[in-house]
Amino acid sequence: GKIEAALFDAGYHCKGVLEATGEREIELLCPEGQSQGASWNKQSEKYYPNSQFQYDAQRDSYRCPQGQDLTRVSDYLGSERYPGYVQYGTPACEKCEQRSRCTKSARGRRIKRYAVDAAKEVLREKMATPEARERYLKRQGMVEPVFSQLKGRQGLRRFRRKGLKAVRCEFSLHAMAYNLSRAMVLWVWDISFIFRWLLLCVMRGAQQGQAHVFS
């Protein structure tokens with residue numbers, strides 16, 4: 001069937017995933033970084049992350065956490081290897097009291113805006129909603145135990161075959177082994193449940209028999 005939603009960890013927060021899910025009309029839930037209370041932070045707490053700089057499309061500028069406007073200072077058209085971007089900055093960094101928390105560059109803080117950033121901003125706003133966060137947090141209980149089993153017990157930390165076809169075959173074997181282990185757990189649980197049920201029936205029958213004898 002058609003995949004309706006994809007829940008990825010922060011390692012997949014990139015242009016390729018955003019474009020692939022968009023082209024296939026797949027709903028994407030993917031944070032920028034580690035959870036920091038009500039939001040996800042891509043960077044350390046030492047500097048202000050780019051997500052705290054609000055972009056104004058009408059003015060084509062950014063507003064920094066201290067209320068200063070970063071305007072366009074340069075353009076890079078890009079190449080076959082690197083994508084193009086527009087760079088924004090402000091002279092206000094020179095006298096800003098929070099400069100040490102924002103940048104160590106002598107020219108002040110610079111923000112690079114790529115073509116994919118518009119899609120990232122939409123996703124960032126969506127991930128900030130309580131509904132999206134609640135749905136995404138369920139992912140940990142769904143997939144992390146699978147990853148733990150594959151990496152810890154089955155040793156799938158790297159593929160040992162070369163070529164996409166061979167890698168697919170290797171992963172299929174690991175997936176089959178995992179599914180069989182889950183099936184065995186369910187089978188053992190079912191057998192245990194049936195055994196306990198039969199034992200309970202026997203004990204009840206014995207108690208009823210003793211009651212008839214004494215009566």
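The values are calculated or read from the model by the stated rules, or taken from the named source; none is laboratory data. As the structure is a computational prediction, the values presented were derived from the model and not from experiment. Note that we place each Cβ from the backbone using ideal geometry, even for glycine, and neighbour counts take in every protein chain shown. With ligands, DNA and RNA removed, areas are computed over all heavy atoms of the protein, side chains included. Shrake-Rupley method; radii C 1.70, N 1.55, O 1.52, S 1.80 Å.
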How large is the accessible surface per residue of the chain, computed with a 1.4 Å probe and reported in Å² as a whole number? 75
Taking a cut-off of 18 Å between Cα atoms, list the aspartates and glutamates near K138, but don't count ones fewer than 8 places away on the same chain. E4, D9, E27, E32
Normalised per residue, the volume inside the convex hull of the alpha-carbon atoms of the chain in Å³ amounts to 255
Going through the DSSP H helices of the chain, which span 30 Å or more along their own axis at the Cα atoms while scoring at least -1.0 as a mean Kyte-Doolittle hydropathy? 164-214
With a 1.4 Å probe and all protein chains kept in place, how much accessible area does V122 have, in Å² rounded to the nearest 10? 100
For the stretch 121-195, which trypsin sites (Lys or Arg not before Pro) are in a loop by DSSP, counting at most 11 other Cβ atoms within 10 Å? R157, R158, R160, K162
With Cα springs under 10 Å, the Gaussian network model of the chain assigns the largest mean-square fluctuation among S79, S51, S100 to S79
At a Cα cut-off below 18 Å, give the lysines reachable from K95, other chains included and same-chain residues fewer than 8 away excluded. K104
Just from its helices, what would the mean residue ellipticity at 222 nm be for the chain, if runs of 4 or more DSSP H residues each count -39500 (n - 2.57) and the sum is divided by every residue, rounded to the nearest 500 deg cm²/dmol? -15000 deg cm²/dmol
Could you state how much accessible area M127 has, in square angstrom rounded to the nearest 10, with a 1.4 Å probe and all protein chains kept in place? 10
With +1 on the Cβ of every Lys and Arg and -1 on the Cβ of every Asp and Glu, the dipole magnitude of the chain about its Cα centre, in debye rounded to the nearest 20, is 940
Within the chain, what is the longest stretch that has no chymotrypsin sites (Phe, Trp or Tyr not before Pro) placed in a DSSP loop and near at most 16 other beta-carbon atoms within 10 Å? 48-113
Which is the longest stretch in the chain that no exposed loop site breaks, taking sites as GluC sites (Glu not before Pro) with a DSSP loop state and at most 12 other Cβ atoms within 10 Å? 98-215
